[in-house]
Amino acid sequence: MSEETVIWNYLRGALWPGLAGLVVGAGIVLWHGPEPLWLVAGVALLLAAFAAVLTARARPSSDDAAGATRDPGRVGLPPLAREVFEHLPDPLMLLDIGGRVLFANSAMRTVVGVGAENKHVSSILRTPAVLEAIADTSTTGEPSSIEFTVPVPVERHYQAYIARMSSQPPVTTLLLHDLTAIKRTEQMRADFVANASHELRTPLAAVSGFIDTLKGHARDDAEARDRFLDIMSVEAGRMRRLIEDLLSLTRIELNEHVRPSGKVSLEAIIREATAALNPLAQIDDISLEVSVAPNLAMVTGERDELIQLFQNLIHNAIKYGRPGGHVWITLASAQAQGGRGTVSMVSATIKDDGEGIASDAIPRLTERFYRVDVKRSREKGGTGLGLAIVKHIVNRHQGRLTIESRAGEGSTFTVSLPSAPTDNAVTELL
């Protein structure tokens, strides 16, 4: 409420008695003349009128008091406290004794929506357990804590802390702590252990079964022995690849926060990875074609990790490409928007002409052990960790990975890596 409005409210309460006093006092003086008695009476009434006006101005009006009750979020919170609460990263809400919202900070408004103030908490939070805890705390004064989940639009997990402040009138605070990242990490860890155990259990069971068979009735069966030994070799190789990928993924994750400092030629890495995988491509009569733009800049990176990255991507293109088809590898300069403006990058695109990937599966491709076709992946020797390794290597190199695919039209994987600073740029920085 503005100062002018407040003053007007003060004056309005004394306007009519003040005017009446002025009129009566002036009339007495004019009617009876300046006789001492009437002059004193008129002056007294004039002074009484002005005193009523001044008293009304010094006293808060009933409207102003009601305004303080109606807007306790603004009147009850000092400006500094309100500013601090507004910028808290955790959602915060203040409620009166009846459960009406007095204040909700910006983080809380992202949870319950805008316009929460002056509404009852039950109209914006639809979790019965939280509402019951708020009611209990508001009644008993005992603080409480409860976990709850908001299922839509995206599932989120929160820990709610509820306490009643010893102010007058009483105010109940509701503070939310987002547990979504913790819950997802716990779920990923549980899924990882379950998937790793499952992936190792299957080949281990096969090897153990064949060993028992060879020790038993197939001891003297040369044909069965050779066949079983071949299968055991395949399963042992599968376990070896899985363990190697697990160790590689763990090593990359441990160093993911450390950016590489070396300078490497992406063209040399691509050609080395292509040469290593060319014999595998020739088995299915797949042609590997490399196209390199002129005058490519060096990139900042670790050579061994980048070779592993592109071997995984090219190997996938060979495994899931069309027999007798092509894999196109293209290197070119690129630009990207970064935190400090436009960033110079080098992009490597690996495209195949295979069956393609369904659009709903693309966001999950870099998850550990996720496979679009489990049976085909295992037949091809995949561990389900290749693209997870690619993602973490790209993250460590502060690059970008994009995946495009359409059913029946093949898939395109593009990795963009920051260009290494030139010697001139280093000299300027120094």
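Just to check your reading of the model, which residue among 139, 180, 213, 149 is β-branched (Val, Ile, Thr) and surrounded by 15 or more Cβ atoms within 10 Å (Cβ to Cβ)? Give the steps one after another, and end with the answer.
Numbers: 139 fails: surrounded by 15 or more Cβ atoms within 10 Å (Cβ to Cβ); 180 fails: surrounded by 15 or more Cβ atoms within 10 Å (Cβ to Cβ); 149 fails: surrounded by 15 or more Cβ atoms within 10 Å (Cβ to Cβ).
Answer to the check: 213.
Conditions (1) in the same structural domain as residue 303 (by TED's automatic domain parsing); (2) over 23 Å from residue 262 (Cα atoms); (3) at pLDDT below 90; (4) more than 24 Å from the chain's Cα centre (by Cα), marked per residue:
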position: 348; (1), (2), (3), (4): yes, no, no, yes
position: 352; (1), (2), (3), (4): yes, yes, no, yes
position: 359; (1), (2), (3), (4): yes, yes, yes, no
position: 374; (1), (2), (3), (4): yes, yes, yes, yes
position: 393; (1), (2), (3), (4): yes, no, no, no
position: 404; (1), (2), (3), (4): yes, yes, no, no
position: 409; (1), (2), (3), (4): yes, yes, yes, yes
position: 420; (1), (2), (3), (4): yes, no, yes, yes
Given the condition in contact (Cβ under 8 Å) with a residue 24 or more places away in the chain, within 22 Å of the chain's Cα centre (by Cα) and assigned to a helix (DSSP H, G or I), answer yes or no: does some residue in segment 168-180 qualify? yes
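Please state which one of 287, 233 is polar (S, T, N, Q) and either without any contact (Cβ under 8 Å) to a residue 24 or more places away in the chain or not assigned by TED's automatic domain parsing to the domain that holds residue 326 (or both).
Values: 287 fails: either without any contact (Cβ under 8 Å) to a residue 24 or more places away in the chain or not assigned by TED's automatic domain parsing to the domain that holds residue 326 (or both).
Of the residues listed, the single one that is polar (S, T, N, Q) and either without any contact (Cβ under 8 Å) to a residue 24 or more places away in the chain or not assigned by TED's automatic domain parsing to the domain that holds residue 326 (or both) is 233.
Free of Cβ contacts under 8 Å to residues at least 40 places away in the same chain, in a helix (DSSP H, G or I) and in the same structural domain as residue 384 (by TED's automatic domain parsing): which single residue out of 316, 278 fits that description? Please lay out each step first, then the result.
Values: 316 fails: free of Cβ contacts under 8 Å to residues at least 40 places away in the same chain.
Exactly one of 316, 278 is free of Cβ contacts under 8 Å to residues at least 40 places away in the same chain, in a helix (DSSP H, G or I) and in the same structural domain as residue 384 (by TED's automatic domain parsing), namely 278.
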Provide a single number: the residues in segment 127-161 that are in a loop (DSSP other than H, G, I, E, B) and of a type in the set (A, V, I, L, M). 2
Checked pairs for segment 254-273, first of a type in the set (Asp, Glu), second part of a helix (DSSP H, G or I), C-beta under 8 Å and 6 or more apart or across chains, list as 256/392; 256/395; 256/396; 272/307
Of everything in segment 114-136, what is under 17 Å from residue 157 (Cα atoms) and surrounded by fewer than 14 Cβ atoms within 10 Å (Cβ to Cβ)? Give them in sequence order. 126, 128, 129
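So that you can scan it fast, the table gives a plain yes or no per residue for (1) under 19 Å from residue 391 (Cβ atoms); (2) at pLDDT 85 or above; (3) touching a Ser or Thr at 6+ places or on another chain (Cβ under 8 Å):
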{"residue": "183", "(1), (2), (3)": "no, yes, no"}
{"residue": "193", "(1), (2), (3)": "no, no, no"}
{"residue": "211", "(1), (2), (3)": "no, yes, no"}
{"residue": "218", "(1), (2), (3)": "no, no, no"}
{"residue": "227", "(1), (2), (3)": "no, yes, no"}
{"residue": "243", "(1), (2), (3)": "no, yes, no"}
{"residue": "255", "(1), (2), (3)": "yes, no, no"}
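The values are calculated or read from the model by the stated rules, or taken from the named source; none is laboratory data. Predicted, not measured: the structure shown is a model, and the values here were computed from it. Virtual Cβ from ideal backbone geometry, glycine too; neighbours counted across all protein chains shown.
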